[in-house]
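Accompanying notes for the structure given below.
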Amino acid sequence: MTRTNEYQQPIGEAVTDWKARERPARIGIDGRHCRIEPLDVERHAADLFDAYGRAPDGSDWTYLFVGPFANFESFRDYLTKAEASADPLHYTVIDSASGKAVGTLALMRIEPVHGVIEMGSVTFSPLLKQTRISTEAQYLLMRYVFEDLGYRRYEWKCDSLNAPSRKTALRLGFEFEGIFRQAIVYKGRNRDTAWYAIIDRDWPRIRRGFERWLADDNFDANGKQRASLAQLRDESAG
């Protein structure tokens, strides 16, 4: 039943004992297959430049605000600015097996007063795409946001024409909320932005799906998944 105020106007559900949350910190988060740590140019730049250079072309940068980079110097300049940024707050994904940096992602549009935060600037190299590490990296930051920081809403936004990003958002458990037309101008072109989100009440089910998907018994001897993340998440709905 919809709540009403003293004027008989419909109002939103009560949020009791709410207080502004802390901003995300520059901390490391350990998983089984990867480690998330704050972007550090001195430690990560060379590995990242090598990892991104394994792509056959520059298409991975099409829907990002930056790149592709013609040389290491311009890439390092970008990383230097990214490292200094507090919002977006950039993190590096470290492959635990190799110890190498293989991609970056960021927490951004951080609103502690409302408990809202966005996952963005996801820049995964060919060494990271479609691996258990890429899924675990997303899980680790999502868990940090909901459980350690206590945020209420976790967003994913992308160019509405970016089919891989939209597919990834749904795979990870984000719910599609709509298209914001002419939201951004970047790289000299228009962007209609697709919005997705996970809210705190969804998180327990989504967490169970991640944990079941990441478990060793969900993969055969060749490393192929036995059940999809979406399937395991649906089975965890109860």
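The values are calculated or read from the model by the stated rules, or taken from the named source; none is laboratory data. Predicted model only: the values in this text are computed from it and were never measured. Ideal geometry is used to build each Cβ from the backbone, glycine not excepted, and the neighbour counts take in all protein chains shown.
Residues of the range 62-114 that are under 14 Å from Phe49 (Cβ atoms), touching a strand residue (DSSP E or B) at 6+ places or on another chain (Cβ under 9 Å) and of a type outside the set (S, T, N, Q): Val66, Gly67, Leu79, Ala82, Lys100, Ala101, Val102, Gly103. Checked against (1) under 24 Å from Lys187 (Cα atoms); (2) modelled with pLDDT of 95 or more; (3) not polar (S, T, N, Q), Ala70 meets all criteria but (2). Is one or more of the residues making up the range 52-62 farther than 28 Å from Asp192 by Cα and among the charged types (D, E, K, R)? Within the range 52-62, one or more residues are farther than 28 Å from Asp192 by Cα and among the charged types (D, E, K, R). Which of the following residues is of a type in the set (D, E, K, R), at pLDDT 95 or above and not in a loop (DSSP other than H, G, I, E, B): Arg43, Arg54, Arg26, Arg32? When all the criteria are applied, what remains is Arg43.
Residue pairs whose Cβ atoms lie under 8 Å apart, sitting 6 or more positions apart in sequence or on different chains, and linking a residue in the range 3-18 that is part of a loop (DSSP other than H, G, I, E, B) to a partner that is among the charged types (D, E, K, R), are Gly12/Arg3; Glu13/Arg3; Ala14/Arg3.
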